[in-house]
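Undergrad: The structure under discussion is supplied below as structure tokens; questions concerning it will follow.
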Amino acid sequence: MDSSSTVQEVRAILAAILQEDETSEIRDAEQLDVDARFADMGINSVDLMEFVLRVEDRFDVSLLEELAPEDLPETLAGWGELVDKTAAAG
Amino acid sequence: MSHSTTTDLSPAPLLDAFETFNGRYIDLDRELTIDADELRSMSRSIHAALVAAGLVRNERVIFCVGNGPQFVAAFFAVLSSDAAPLLVHCDTPPAELLRYAREFGARKILTDSYNAETLASITASTHTVDAGHGYSLAFGAVDDSHADFVNSFPALGGVPLHPTSGTTGRPKIAIRHAVAAVAEGRQYADAMEITAEDNLLCVVPMTHGYGYGTCMTTALLRSATVYTIRKFNPRSTARALTQHPITAFFATPAVLDLLLAARKPDDPVPRRVLSAGAPLSTRTATRFHEATGQWAMPLYGTTETGGATVAYGVAEPCMDANIGPPMPPIEAAIRPIEDADELEAGLGRVALKTPAVMAGYLRPSGVDASGIEDGWFTTGDIGYIDERGCINLAGRESEFINVFGMKVVPSEVESVIAAYPGVTDVKVYAGKHRSGSEIVKACIAAAEDFDVAALRQHCQEQLIHYKRPEMIIRLDAVPRSPLGKIIKDQLP
């Protein structure tokens, strides 16, 4: 899977989480800038943890227990790269 | 206000519970089991090291220790020194620890979150305390000659102290003396039928009143076994519930949501799953029931009163506003609200009468017990009591923000933000999260080219994670009325 399609998938995962909030203004995954920092998008620690869980399940990778919180990527583009790298490492 | 309170502030009831404890603490992070005798031995070692390093009776100690056997051992080491542990979250950054120490006149800091080298950045002298079994803590003395150090607090030893938002939105310290702590533990143990056969899973911070009351005091009183996880992680929690014979799990709504995302469909769940810290929404309660076949039970309390209600053994599931009936022997009543035209009849302030009520707030001028009348404490929550005797919450008067069960006092965050260069006005307030919890939002007045990312970095250094604003909105001016009051409707 190339990185750009991984980024699209993780973007869709994050959008799905944010859309569970009735007041969310996110209607479409494409509204999420893949280079925007999560902190600037208002993503909180609970959203982030749920995002990681769903990414782990979707790509069959283990990240939450392997990485320190400060080592987690801060953008969707960063997540795309991390998932590809982790999946490739097997 | 007086410091010569008639309340018995002796630590003896808690020390007795610790001495007679016959259970175990199992540290799942280190895969280490510490039995009761080893725990007491650890505590004696820490006590000796602290005294040798200069801890004296009646001193306040900022107690920043994470979940695990070392929490219990270190807590009783401080208490048995006739000093007063002031419990703060183990993720509290050094700058915030120092602020607390100065604001509440604590001369000492004890932590397992930072080593002696890091602690030395905020203390005048530091020591490493070897607690045995591979645990170590850092102990430091704060420079009490600093201008911000409040020197006028009364000397009170042997009393656990808990920070609270109180009912006025100003940070305060509740004196949760041993008599109150043990009364709370007994109430929990009786209401949830906790025995020595029970295995409790603790992922909520033991520095917080909920984790402290359930996973320390209750466990000590009933000699239960406690499995601890220092920092909640949904994967390791799901694994703990699968691999160990857990019989009671203390969670928050956000923990339950994340656990649902992490567990496998057939994973076991204990017969007692409690949820506290924030309202248990219908969404979370229903999802949890659909996935596990069990209802999570809300538990409600305040720092001032300890745990007050638990919906264990109630025929109908409780959720949303319904937080269940008071635990015996607690009495609940609804106090009328003056000038409350828009409120429905029957709504009022929730008042509680409990033997677990605090002795009062710690003030520089003494112990302030003025909020307790004939054993009754009026909370900042608004609600009513239904025909089943369950308390239902409809709102609150106090201004704190409830971030996934952790209470944030806006004025504390505002002070940190206001101190940052370029911020000319600030309002910190609650935003809504999809789980039903709240998030911290900050509206600031600053120039158009103001560096919001740099302000975020400042907050990261000065505030623990749950107090940091999730959203910082820069405006030319914070919306205020001509009289200077915040216009809430116009906040973004």
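The values are calculated or read from the model by the stated rules, or taken from the named source; none is laboratory data. Nothing here was measured: the structure is a model prediction, and the numbers come from that model. For neighbour counting, all protein chains shown are included, and Cβ atoms are generated from backbone atoms with ideal geometry for every residue, glycine included.
Undergrad: Count, please, the residues in region A:15-33 that happen to be assigned to a loop (DSSP other than H, G, I, E, B) and more than 25 Å from B:Ser281 (Cα to Cα).
TA: 3
Undergrad: Here is a further query. Can you tell me which of (1) within 24 Å of B:Asp8 (Cα to Cα); (2) modelled with pLDDT under 95 is the one B:Lys231 doesn't meet?
TA: Tallying (1) within 24 Å of B:Asp8 (Cα to Cα); (2) modelled with pLDDT under 95, B:Lys231 fails exactly one: (1).
Undergrad: A follow-up question, please. Could you identify the single residue in A:Ala36, A:Ala77, A:Ala88 that is assigned to a loop (DSSP other than H, G, I, E, B), of a type outside the set (Asp, Glu), at negative phi and more than 9 Å from chain B (Cβ to nearest Cβ)?
TA: On inspection, the qualifying residue turns out to be A:Ala36.
Undergrad: Shifting gears a bit: For region B:237-254, name all the residues that are surrounded by 24 or more Cβ atoms within 10 Å (Cβ to Cβ) and within 14 Å of chain A (Cβ to nearest Cβ).
TA: Within region B:237-254, B:Ala251, B:Thr252, B:Pro253, B:Ala254 meet the criteria.
Undergrad: Something else about it: Just to confirm my filter: which strands (runs of 3 or more DSSP E) fall fully inside region B:393-451 and include at least 2 residues that are within 12 Å of another protein chain (Cβ to nearest Cβ), free of Cβ contacts under 8 Å to residues at least 40 places away in the same chain and closer than 19 Å to B:Ile473 by Cβ?
TA: B:438-445
Undergrad: I'd like the full set of residues that are in contact with a Phe, Trp or Tyr (Cβ under 7 Å, 6 or more places away or on another chain) and in a helix (DSSP H, G or I), limited to region B:212-240.
TA: B:Gly213, B:Thr214, B:Cys215, B:Thr218, B:Leu220, B:Ala240
So that you can scan it fast, the table gives a plain yes or no per residue for (1) hydrophobic (A, V, I, L, M, F, W, C); (2) out of contact with any helix residue (DSSP H, G or I) (no Cβ under 9 Å at 6 or more places or on another chain); (3) in a strand (DSSP E or B); (4) on the phi < 0 side of the Ramachandran plot:
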position: B:Val61; (1), (2), (3), (4): yes, no, yes, yes
position: B:Gly66; (1), (2), (3), (4): no, yes, no, yes
position: B:Ala77; (1), (2), (3), (4): yes, no, no, yes
position: B:Ser81; (1), (2), (3), (4): no, no, no, yes
position: B:Pro85; (1), (2), (3), (4): no, no, yes, yes
position: B:Asp91; (1), (2), (3), (4): no, no, no, yes
position: B:Leu98; (1), (2), (3), (4): yes, yes, no, yes
position: B:Ala101; (1), (2), (3), (4): yes, yes, no, yes
position: B:Ala106; (1), (2), (3), (4): yes, no, no, yes
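Yes or no, residue by residue, for (1) closer than 26 Å to B:Thr218 by Cα; (2) of a type in the set (Ser, Thr, Tyr); (3) in a loop (DSSP other than H, G, I, E, B):
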{"position": "B:Gln294", "(1), (2), (3)": "yes, no, yes"}
{"position": "B:Gly307", "(1), (2), (3)": "yes, no, no"}
{"position": "B:Val367", "(1), (2), (3)": "no, no, no"}
{"position": "B:Arg388", "(1), (2), (3)": "no, no, yes"}
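Undergrad: For the list (1) more than 14 Å from chain A (Cβ to nearest Cβ); (2) closer than 30 Å to A:Asp57 by Cβ, I need the number of the one condition that B:Pro234 fails.
TA: Answer for B:Pro234: the failing condition is (1).
This table checks each residue for (1) on the phi < 0 side of the Ramachandran plot; (2) modelled with pLDDT of 90 or more; (3) touching a Pro at 6+ places or on another chain (Cβ under 9 Å).
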residue: B:Tyr384; (1), (2), (3): yes, yes, no
residue: B:Asn402; (1), (2), (3): yes, no, yes
residue: B:Gly405; (1), (2), (3): no, no, yes
residue: B:Tyr420; (1), (2), (3): yes, yes, no
residue: B:Tyr429; (1), (2), (3): yes, yes, yes
residue: B:Asp449; (1), (2), (3): yes, yes, no
residue: B:Val452; (1), (2), (3): yes, yes, no
